[in-house]
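Each remark here refers to the structure printed beneath this line.
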Amino acid sequence: MSRTNTRTDAFETMTPYLYIGMTDSVRACDCCGRDDLKQTMALYDAVLGEEVYFGTTCGARALKMPVKAMK
């Protein structure tokens, strides 16, 4: 029987970003630099202590979620 360390597993799935919401007032991704987006995800970066804006693909990856779930 294999034993997993749930504490380590939980740490590896944690992300420094918190989801705030979607916006269409910012059209550029702070992650990859793409600037022709219809809307972006507003995220709070806990490391920098500021709000950042990611496209749905970059945002989903930052939150460690499936991209389909964000679209």
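Just so you know, all these numbers are worked out from the coordinates, no wet-lab data involved. Small disclaimer: the values here were computed from a predicted structure and weren't measured. Neighbour counts run over all protein chains shown; Cβ positions are idealised from the backbone, glycine included.
Below are the figures for this structure:
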{"read-out": "Protection proxy ranking of 26-38, 46-58 - average other beta-carbon atoms within 10 Å, highest first", "value": "46-58, 26-38"}
{"read-out": "3J(HN,Hα) from dihedral phi, segment 28-44, Karplus parametrisation 6.51/-1.76/1.60, rounded to Hz, x for glycine, proline", "value": "10, 8, 6, 7, 9, x, 4, 10, 10, 8, 6, 7, 10, 9, 8, 10, 9"}
